[in-house]
Each structure stands twice: as C-alpha cells, then as structure tokens.
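S.K.: Okay, here's the structure, questions in a sec.
The values are calculated or read from the model by the stated rules, or taken from the named source; none is laboratory data. These numbers come from a predicted model, not from an experiment. Cβ placement follows ideal geometry from the backbone for every residue including glycine, while neighbour counts extend to all protein chains displayed.
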2 protein chains.
Amino acid sequence: MIVPLNEYDFLKRALVAHSNRDAIVCGDVRLTYRQFGERVNRWANLMRSLGVQKGDRVAILSQNCHRVLEAFFGTPLLGSILMPLNFRLVPDDFDYILNHGGAKVLVVEEGLTHLIDPIRDKLETVEHFILASDLNASEETWLDYESLLSESSVEQPPPVEIDENETSALLYTSGTTGRPKGVMLTHRNLYINAMNSICEFGIHERDVYLHTLAQFHCNGWGVGYAVTGMGGTHVIIKKFEPAAFFDLITHERVTFACMPPTMINMALNYLMDAETLERLPRDVRIGTAGSAPPLATIQGAQEKFGWKVIQIYGLTETSPFMTVSKIKPHMDNWPDEQKLRVQAKTGYPMIGVDIRVVTDEGHDVKPDSGDVGEVITRANVVMKGYWRQPEATDAVIVDGWFHTGDMALLDSEGYIEVVDRKKDLIISGGENISSIEVEGLLYKHPAVLEAAVVAAPDERWGEVPYAIVVLKPGATAAESELTDFCREHLAHYKCPKRIDFIDVLPRTATGKIQKNVLRERFWKGKTKHVG
Amino acid sequence: MIVPLNEYDFLKRALVAHSNRDAIVCGDVRLTYRQFGERVNRWANLMRSLGVQKGDRVAILSQNCHRVLEAFFGTPLLGSILMPLNFRLVPDDFDYILNHGGAKVLVVEEGLTHLIDPIRDKLETVEHFILASDLNASEETWLDYESLLSESSVEQPPPVEIDENETSALLYTSGTTGRPKGVMLTHRNLYINAMNSICEFGIHERDVYLHTLAQFHCNGWGVGYAVTGMGGTHVIIKKFEPAAFFDLITHERVTFACMPPTMINMALNYLMDAETLERLPRDVRIGTAGSAPPLATIQGAQEKFGWKVIQIYGLTETSPFMTVSKIKPHMDNWPDEQKLRVQAKTGYPMIGVDIRVVTDEGHDVKPDSGDVGEVITRANVVMKGYWRQPEATDAVIVDGWFHTGDMALLDSEGYIEVVDRKKDLIISGGENISSIEVEGLLYKHPAVLEAAVVAAPDERWGEVPYAIVVLKPGATAAESELTDFCREHLAHYKCPKRIDFIDVLPRTATGKIQKNVLRERFWKGKTKHVG
C-alpha cells in the first residue's frame, strides 16, 4: 500500500495519541494538541474560503509564533504552498519575493506591516492581506487573522489528493549575492527530514522544545514536525533574547532547543547569578548548525550549563539536515579536548543521505589526506529545485548530485569538516586557507567577541587572509597582539596579514556573516579569481 | 530529488559512520560493520554468479545467525526477493512454500537439512542448494556457503535500478488455518517500518541489540535495519534459551531486545541466583508483541529485572508495526497498577499509521464506549499484497484500508486494546467475551503457567467460554478452584463453563496458541457461526 508522505501526518498522530498534551506555549497562549489541531483546521478552511487552491502560495511574515506553526500544518492539509518570509529583509526584497513567488495571500504579524506598506501597491498577485495579532486589531486595509479564524469551521476540510513529490514550502534563500532564489521543498523532503531529526536528536514524547531559531528558516529546520509527531511540547520565544530564553528554559523545563553558534555565544556571555544558573535544567540537548561552532562555544554550553551540544549540518536546499556530529561509543574515554574537536567537526551522514567530498575533477578526496573538496549529496531531502529558475537548478543538481558549494575535509571516521564556502576559501600561493580555521583561533583570544577572515588581493601570493574583528565590550587588543597570537598557533601563511576592528559584523537575516560585504573593502577595482 | 527508499541505506550509513563499530556478535563470530559490509557484498556477488536477478527469490532456512542478516542486506542491494523460512514448519510446508514462492536458491543452515531432504525432489524451481555452516562442512548434494562466499568479490556489485515499491521480502504467514499466504513487503514498507522503530524505541548508536526473536519472523520485526542504521551492535542468540539469554545480556551489556510475552515469561520463571540477578544490566528496553502481555509479565520484567517494557503491535502484513503502548507524561504519577494497565493496552498509532476501529457496518466505535470493532489501517507499512493470490489481497485490503481481523476497544487516550482475533471472539447470549481478558485473569492464578480460552457450543447461549490450562510444574489446582477464582473477578457470563488441563498448548511456529486446534475438541460435528 502506498500512502503519500505528508507533514500533516505528524499532527494527525499527535491528535490521536496526545490530544490532551500541551502542544503550544507561546506568550500567554497555551494550546493542547486538540485545540491546536482545531486552529489548523480553521486555518485551512479560512484559506479555502479565500480561494486558495492546491498549489497556490500563501506567504507569512512573522516572528516566531504559534500562527507560523498553524501555517506549517494547515499547508499540507490543503496542498497549498507556504512561503515563510524572513522578517529581517527590507521592503524591496519582499516586493521581489512576493511577486516572483506569486503569493495569493499574505499574512503579516502586527508590528511588521511597515515592511509591506511601502511596496503594497507593487504586489501583483496578492489578493488578501491578513494581519495576525493577539489584539484583534482592526486596521482598515488588513483583514484580521483571529476574526477570520473564529468564523471558519473547526472541522477538517474535505481531503485533497496530494502527491508527496509536490511542493509544500517555497523558501527564499537569503543569498549573500544576487537575488534570492526560491527553494521548493516537497512533502516527501520535509517528511523524511523530520524522521531523520527524530532519529538523530532522539526526540520523544517527553520533550519540551524551545523555538529559539527563526521559524521561517527552512520551516524552523523541520524540527517542528518532528516534535509534533512524537507528541512533544512547543515553547515559542518570539525573538531570541537571553533573559527570556533562560526564563523559559527554567520555567517550562525545556529539554531541547536548536541554536546557531552565535546564539549559544550570546547565552554564554549573558551575566547570570549563581542561583539562576543553579535552577537551569541540565538535561537539555542543543542542536546547533548554521556555521561551524567554535570549540569554546561547545565547551561553554557543556561545562557551564551541563547541556549536550549536537551539531548538525545542512542547507535550505536540503530540507535542511545532511549530517550529524556525535561522539561515537569508542570515543567515550577520549580526553575532553579531543572529544570537543570531534563535536566541532561537521559530522557524518544521516540515514539515507549519500555524501561525497569531491575535487573539481569529480574525484573523491581520500579520508585523512588533508585534501579539500566540495560536499555533494544525493538524498530524499534534496529540494525539487529553484522556483521558476530551472537553469539555477541545473547549475547545482548535476547528474543526480546536489552541489552544496561547501568545501570540506573527510576523515577515516566518516566525519566531514566544512572548512569554507567554496567562494570563501582563500587560496594563497597555491595553499588552501580555511577562513573558518583562522576565525576559530581568533575566537579563542579572550578579547575577541567575533571575527571574520576573508581573502584580500596580494601581488605576490594572489590572495592573503585579512581579518575583521569585533572586540568584547570593554576589552582592548592591538592588531599586533592578535597577529602574534595567530603566529603562535597557526602556520605562517594562514595568519591574517592585516586585522581591522569593527563595531558590528554585517550579517544576513539568518545570522551568517556577509563576507562578500567585508571583501568589498579590499577588492574594489580588483578581480577575484575563484574556481 | 527523489531517491528510491531502500533498506540497504541503513547499512550504507553504518559503513560510512560506524565502520569500525562491532556490528555482529554471533557465537564465536565477531564482525565490524566494515567486515559485515564486505560479507554482504560477497553475498550479493555470489547470488549474481548463481544467476539470481532482480525479482528472483532466494529462500533461507536458518535459526538466528549473522548469515540471515547478510541476506537481509544483500537482498535490497541486488533487488532480489528474500524468503526467510520458518524453521518450525514441516517438510510438507516447505514443499508448498518453496514451489508457490518459486525460490531459485535455497540456503539451509546445517542441522536443518532433514526438513528439506524428504521433499527436495519435489522442488520445481530451486536451482541451487546451499548449506550454511561454520565448519565448511562438505556435503555432496549441497554447496558450501562459506566457500562460495570467500570465492566471491568483496566489491560492491554494480548498482541495480530498484523501485521502492518493488517487493523485497516474501514472508509466508504461519496461518492457523489453511495454506500459508506469501506476504509481499516492499522496500518502502521495510524502510518506513524501520524508521518508525527507531523513533518509538529510541534506538541510538550506543544500543546493543539482542536478537532473541526468530529473525525469519517478518525480517526480525525489521529492527535489524533500524539498529544497523543507527550504528548499534547486533548480538545474536541462535535459539532462545534463558541461561544463554541472561549470559549474553550480562556479558555484552545488552540495552535492547524484542521478546514475545511468552519469552519474557520463560525468562521470569528461570531460576537465578542473587548474584546473577545483581549483575544484570538495568538499562534495558524490551519490545514486546505477538500477543497481549499479561500485566504480571510486564510487572515482573520491570520489577524483577528493572527493565522497561514497550509493547508494540503489528502483523506480518504491516511490516509489522502499527501501534506502540507507552506511558504518557501526564500518567507518570499514576499508581503503578494503573500504569501497568496502560502498558498492557495494545497502543496508539505510530507516525504515518492511520488506524480505525470499525463495526461490521463500517462505523467507527466511540472511544470509551466499550464497543468492540475490527482494527483497520491505512499506512505505508501495509504490504503490497499476497503473492499470486490477488483474491486473498482483495479480501483484506478494501477501499484502501487493510483489515487486520483483530477486534479491539478504543479509549479516549487513543489506545486501542485488541481483545481478540475476529474469529476467536466468543459471543455468548449476544455479549462479546474477550478470550484474552479471561486468559489474563487465569494467568494471575499462582498455579497457572498457561491458559487458553475458546468458544464452545451451547444450546442456550449459542457459545460459552471453555478454558484449557497448563499448570506450573509441581503445582496443583482443581477445576473448581479456578472456576471460583474466575467468578470472584469476572462477570459471570465471562467465566469458563469448563476447564480442561493439558500438558502443552498447541502453538504455531511463531508461538501463537492454535485456538483452532483447541476448539476442534468441542465443536466436532457442530457448526460455529462467527461474523
């Protein structure tokens, strides 16, 4: 018997097995799975009444909120396509994305309408503008989400025939260069990613999951489906802020959260009294991804808070999980530092994910050889393609393998270690320099809060590494001090030839440092030759 | 991107991520995943050299052994179809099954050839007879497994294009009546069942799994794929025997095993000194299925050994898992007895498994109503159908729902409770009597080792319950004593009207009591009217 895989199955299971369990804790809102399921039905019925049919796009612009989860589960019930928008973008971006994606309905959280109002007249396909608010705020030009929902039927809408390989989510990547591209993820992509999440994070019915990560980002890494399927509870933090974070962790007895390394760092740097620290739950798993976590970050979370850090790796294009980095049983007795180095590696493949690390000529790099190659993958989590950009799809999916653009080492234990984005790798006198390696060292210096290393042009070596550093509040360090620090620990050719200090690093909406912006200051008028 | 789901993916992952981990402990044989993977390659190359092509059937008749696991993983690599045979059957059965299934190759474990020799001449399709032995035993009419394997290439055979919906396993059900039927399970069936197993048993890379359950039985409940995918270790016990069982649990630090209730009972009744008991590992999960576990069995394993019992439910036709029975978080503070009663229920659906409990008229029974209906399911774990018996398939898969033939109650927490096989339900004066409920009570009597309750004809009530009881060694109990015991705890109409004593209950090869055999003694010359 073949039943199409569908993310709604995760909620369906929770509704049968855990209907009275707390599904949602979001500010003052508390919903059981039964109540949440009813709101999801209402969502689907509302969209139907607005004329949304299978394949139509519904966009949502919101900070983390139970309403985003409602859209995550209403969508696969209806067969529509969800476009979760990045609230850190600017109106021009929304103009492009909403028109390119052809959204029919746009749901915007109260407080974010200023991002849409300036370009509202330019939106050619949006027929309905809905304002999501806790206050039933009536605005003349916006329909009210809660009023519409309460007028919609609580019954499940009539079943729609949905192929598992149809698109369910359309996610525009932040893209450090060029226009954003719309990643099409299918029901099958999202289902299998969620199952892999359950397997690797060991998600179970007693889990209390804290949504710290922006939910728009690849449907919140898909963990929302996984936690729901196992009957866990979702605790939602609107926008990450350390005080609220620790407060919720403690009061809701959180057991699991996902945080990019920068967010863990913010938590570590938060000043906390001994009593608050004492009260923190210890049995917490932290999934981390988005960039390579510095050793000190993993160590800090594990030693200061007693939490377990599990690094995973993926891209929006891969739903997102490809690899996981765990200590293996035979490593249990290794020295702590060695174990941390393993945890800091990118990881080994999840079930059903084929990974290769290949040279430009397409040869697999040898394990432990120190050779760097591009990570390519063949898996059911790889996207269907880029929305209305078949040529962009063909550029990254070649002969059945998706090319990640990430450059990595491979070891004989099966761990890959991403050393750089293909375009961020610094090639100096024929030697590869991983900007991540140099940054990792700079992060170890006590005065350094953040660091970015990029290639700068050099007459003799072609490229050389330059560093841009943000110091910790109140800390001081001269360029020469940091340079000496690097020389002490790194091969000479890897040491930054210049170190600039800056107040804030430019970042994309998902928290990635915009190295292209940093590079510009050094490359003006020059041409970068990268393979 | 769509990549066909395939059980070999679980081994592929272990080979990349856990190549040096112990994969197999089987008697004196210890293999890492790398070594095991090489033997699987050799297996596939051997079968190719014997002319086995995609879709061809390879049968294996063996007690539990690493060679059975080799067949489990070699099969999906080759696209052939595996027929694991039940070694508790008789030669006539093998004659029927091997000819009906059309096996091309037959692998038989040394010591079991006497089951094949008498019917060997009748096997019309078997071209190659292979003897699996640790001793390189040369027998004139049998090829030697180990010699053939060592002559075969260790390299992975050329890839075969395999659709995930093609049959991978052909499993003949023991069937309490009529000829066995060949259940066709696809790659997708087995893959999704294995993923659900990981989710519900929380299987992880530190697990050491003891194969106590006969591996032929629905590919060992599919847990072999799940444990492999997560990089756990397989400890194999050839044939369940309490002394060896406890010895392996302790020496290999086993963390997880699957055992039907009768097997748990055998373990509980095994006489063990205090020191041995003390040395047993406590952190052990026991998956149990096959029949409803008596409360005393669950309680015994949890209290005496400190193990955690997780009941699951399924049929060969459903790959096999449909439901799982766990204590939910809000039940944690319930009294022990109440929690045991929950654990003894059949369970709530796994992810992606739709379950309904329906009356003969097709109406869903109301939760907590006490109404009994048939369990039907719609899920990706449901078989493709019965091999060469389309009419038998059509009789059980109706309008997209598989009819299990199991009768159950449904409660408002989403647990179903199978009260009987449809054909075992006793209908007395219009009242449904669950033979399982009455048996469960009899099991609580200190003198009772085993009990079976079946319908007997009655002029007044149509049917009445009769019990057949096996007493514990050395124990005595008169019929009247047991009857009084029943009357004390059960509604009068449910009490057995007659209790027979017997030395051994007739069982199918998978350990199920053959109620049809027991009923015969009461129904000779009479007609049973069952809906």
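S.K.: Looking at A:GLY222, A:GLY202 in this structure, which one is within 23 Å of A:LEU61 (Cβ to Cβ) and out of contact with any strand residue (DSSP E or B) (no Cβ under 7 Å at 6 or more places or on another chain)? Steps first, answer last, please.
M.R.: Numbers: A:GLY202 fails: within 23 Å of A:LEU61 (Cβ to Cβ).
From the options A:GLY222, A:GLY202, the qualifying one is A:GLY222.
S.K.: May I pose another question? Between residues in segment A:475-493 that are over 19 Å from A:SER435 (Cα atoms) and residues that are in a loop (DSSP other than H, G, I, E, B) and hydrophobic (A, V, I, L, M, F, W, C), which pairs lie under 7 Å by C-beta distance while being six or more apart or on different chains?
M.R.: So the pair list comes out as A:ALA475/A:ALA447; A:THR476/A:ALA447; A:ALA477/A:ALA447.
S.K.: Being over 30 Å from B:LEU518 (Cα atoms) and touching a residue at least 60 places away in the same chain (Cβ under 8 Å) is true for just one of B:LEU149, B:LEU123. Which residue is that?
M.R.: Numbers: B:LEU123 fails: touching a residue at least 60 places away in the same chain (Cβ under 8 Å).
Matching residue, one of B:LEU149, B:LEU123: B:LEU149.
S.K.: Scan segment B:156-177 and tell me whether some residue there is surrounded by fewer than 16 Cβ atoms within 10 Å (Cβ to Cβ) and under 22 Å from the mean Cα position of the chain (by Cα).
M.R.: So far as segment B:156-177 goes, yes, one or more of its residues are surrounded by fewer than 16 Cβ atoms within 10 Å (Cβ to Cβ) and under 22 Å from the mean Cα position of the chain (by Cα).
S.K.: Would you please list the contacts, defined by Cβ atoms under 8 Å and residues six or more apart or on different chains, that run from a residue in segment A:411-437 that is more than 16 Å from A:ASP354 (Cα to Cα) to a residue that is basic (Lys, Arg) and surrounded by fewer than 16 Cβ atoms within 10 Å (Cβ to Cβ)?
M.R.: Pairs found: A:GLY429/A:ARG460.
S.K.: List the number of the failed condition for B:THR297; all other conditions in (1) of a type in the set (Val, Ile, Thr); (2) surrounded by 22 or more Cβ atoms within 10 Å (Cβ to Cβ); (3) under 22 Å from B:SER197 (Cα atoms) hold.
M.R.: (3) is the only condition that B:THR297 fails.
S.K.: Would you mind telling me which numbered condition in (1) assigned to a strand (DSSP E or B); (2) not assigned by TED's automatic domain parsing to the domain that holds B:THR483 B:ALA455 fails?
M.R.: Unmet for B:ALA455, out of (1) assigned to a strand (DSSP E or B); (2) not assigned by TED's automatic domain parsing to the domain that holds B:THR483: (2).
S.K.: Among the residues of segment A:319-349, count how many are of a type outside the set (Gly, Ala, Ser), away from chain B (no Cβ under 13 Å) and over 29 Å from A:MET184 (Cα atoms).
M.R.: 10
S.K.: Now for a separate question. Can you name the residue in segment A:364-388 that is under 18 Å from A:THR316 (Cα atoms) and in a loop (DSSP other than H, G, I, E, B) and, of all such residues, is farthest from the other protein chains (Cβ to nearest Cβ)? Steps first, please.
M.R.: Taking segment A:364-388 as the starting set, the residues that turn out to be under 18 Å from A:THR316 (Cα atoms) are A:374-388.
Cutting the leftovers down to in a loop (DSSP other than H, G, I, E, B) gives us A:380-384, A:387-388.
Details: A:ASN380: 5, A:VAL381: 8, A:VAL382: 4, A:MET383: 7, A:LYS384: 7, A:TRP387: 15, A:ARG388: 18 Å.
Checked segment A:364-388; the qualifying residue farthest from the other protein chains (Cβ to nearest Cβ) is A:ARG388.
Every residue, every condition in (1) surrounded by 16 or more Cβ atoms within 10 Å (Cβ to Cβ); (2) within 18 Å of B:VAL40 (Cα to Cα); (3) of a type outside the set (A, V, I, L, M), yes or no:
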residue	(1), (2), (3)
B:VAL58	yes, yes, no
B:SER62	yes, yes, yes
B:VAL68	yes, yes, no
B:THR75	yes, yes, yes
B:VAL108	yes, yes, no
B:VAL126	yes, no, no
B:ASP134	no, yes, yes
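S.K.: Taking only pairs six or more apart or across chains, which ones have beta-carbon atoms under 6 Å, a first residue in segment B:54-67 that is closer than 20 Å to B:LEU11 by Cα, and a second residue that is surrounded by fewer than 23 Cβ atoms within 10 Å (Cβ to Cβ) and charged (D, E, K, R)?
M.R.: B:ASN64/B:LYS238
S.K.: Look at A:ARG253 and say whether it is at pLDDT 95 or above, on the phi > 0 side of the Ramachandran plot and within 12 Å of another protein chain (Cβ to nearest Cβ). Full working, then the answer.
M.R.: Details: at pLDDT 95 or above: yes; on the phi > 0 side of the Ramachandran plot: yes; within 12 Å of another protein chain (Cβ to nearest Cβ): yes.
So A:ARG253 passes the test.
S.K.: Right, next: Would you confirm whether or not segment B:223-232 contains a residue that is without any contact (Cβ under 8 Å) to a residue 60 or more places away in the chain and assigned to a helix (DSSP H, G or I)?
M.R.: Yes, there is a match, as at least one residue in segment B:223-232 is without any contact (Cβ under 8 Å) to a residue 60 or more places away in the chain and assigned to a helix (DSSP H, G or I).
S.K.: Working carefully through the options A:GLU417, A:GLU361, A:GLU439, find the one that is surrounded by 15 or more Cβ atoms within 10 Å (Cβ to Cβ) and either over 22 Å from the mean Cα position of the chain (by Cα) or not in a strand (DSSP E or B) (or both). Before you say what the answer is, go through the steps one by one.
M.R.: Values: A:GLU417 fails: either over 22 Å from the mean Cα position of the chain (by Cα) or not in a strand (DSSP E or B) (or both); A:GLU361 fails: surrounded by 15 or more Cβ atoms within 10 Å (Cβ to Cβ).
Exactly one residue qualifies, and that residue is A:GLU439.
To keep it simple, each residue is scored yes or no on (1) under 17 Å from A:ILE24 (Cβ atoms); (2) outside the structural domain of A:GLY300 (by TED's automatic domain parsing); (3) surrounded by 24 or more Cβ atoms within 10 Å (Cβ to Cβ).
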site: A:SER197; (1), (2), (3): no, yes, yes
site: A:GLU205; (1), (2), (3): yes, yes, no
site: A:GLY220; (1), (2), (3): yes, yes, yes
site: A:HIS251; (1), (2), (3): yes, no, no
site: A:MET259; (1), (2), (3): no, no, yes
site: A:LEU277; (1), (2), (3): no, no, no
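S.K.: Considering (1) closer than 15 Å to A:ASN219 by Cβ; (2) within 22 Å of the chain's Cα centre (by Cα), say which one A:SER80 fails and leave the rest.
M.R.: Only one criterion is unmet by A:SER80, namely (2).
S.K.: Just a yes or no: is a residue in segment B:193-205 of a type outside the set (Ser, Thr, Tyr) and over 27 Å from B:ALA292 (Cβ atoms)? Full working, then the answer.
M.R.: So the first thing to find is which residues in segment B:193-205 are of a type outside the set (Ser, Thr, Tyr), and the list is B:193-196, B:198-205.
Keeping just the survivors that are over 27 Å from B:ALA292 (Cβ atoms) gives B:204-205.
For segment B:193-205, residues of a type outside the set (Ser, Thr, Tyr) and over 27 Å from B:ALA292 (Cβ atoms): present.
S.K.: Separate question: I need the full set of residues from segment B:1-37 which are in contact (Cβ under 8 Å) with a residue 40 or more places away in the chain, more than 10 Å from chain A (Cβ to nearest Cβ), buried (at least 18 other Cβ atoms within 10 Å of the Cβ) and not in a helix (DSSP H, G or I), in order please.
M.R.: B:GLU7, B:ALA23, B:ILE24, B:VAL25, B:CYS26
S.K.: I'm checking my understanding of the structure. Among residues of segment A:389-435 that are more than 23 Å from A:GLU317 (Cα to Cα) and acidic (Asp, Glu), which one is nearest to the other protein chains (Cβ to nearest Cβ)?
M.R.: Selected residue: A:GLU413.
S.K.: Among residues belonging to segment A:47-56 that are surrounded by fewer than 24 Cβ atoms within 10 Å (Cβ to Cβ) and in a helix (DSSP H, G or I), point out the one that is farthest from the chain's Cα centre (by Cα).
M.R.: In the first step, residues of segment A:47-56 are kept if they are surrounded by fewer than 24 Cβ atoms within 10 Å (Cβ to Cβ); the result is A:48-56.
Filter once more, keeping what is in a helix (DSSP H, G or I): A:48-49.
Numbers: A:ARG48: 30, A:SER49: 33 Å.
The qualifying residue farthest from the chain's Cα centre (by Cα) is A:SER49.
For every residue, the table says whether it meets (1) out of contact with any Phe, Trp or Tyr (no Cβ under 6 Å at 6 or more places or on another chain); (2) at pLDDT below 95; (3) over 17 Å from A:ILE2 (Cβ atoms); (4) away from every other protein chain (no Cβ under 14 Å).
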site: B:VAL160; (1), (2), (3), (4): yes, no, yes, yes
site: B:THR177; (1), (2), (3), (4): yes, yes, yes, yes
site: B:LYS181; (1), (2), (3), (4): no, yes, yes, yes
site: B:MET184; (1), (2), (3), (4): no, no, no, no
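S.K.: Still on this model: Out of A:HIS114, A:HIS100, I need the residue that is surrounded by fewer than 14 Cβ atoms within 10 Å (Cβ to Cβ), under 27 Å from the mean Cα position of the chain (by Cα) and modelled with pLDDT of 95 or more. Which one?
M.R.: On the way: A:HIS100 fails: surrounded by fewer than 14 Cβ atoms within 10 Å (Cβ to Cβ).
That would be A:HIS114, the only listed residue that is surrounded by fewer than 14 Cβ atoms within 10 Å (Cβ to Cβ), under 27 Å from the mean Cα position of the chain (by Cα) and modelled with pLDDT of 95 or more.
S.K.: To continue, here is another question. Under 6 Å between Cβ atoms, which residue pairs at least 6 apart in sequence (or on different chains) link something in segment A:508-530 that is closer than 17 Å to A:GLU459 by Cα with a partner that is modelled with pLDDT of 65 or more and in a loop (DSSP other than H, G, I, E, B)?
M.R.: Sorted first by the residue in segment A:508-530, then by its partner, the pairs are A:VAL530/A:LYS423.
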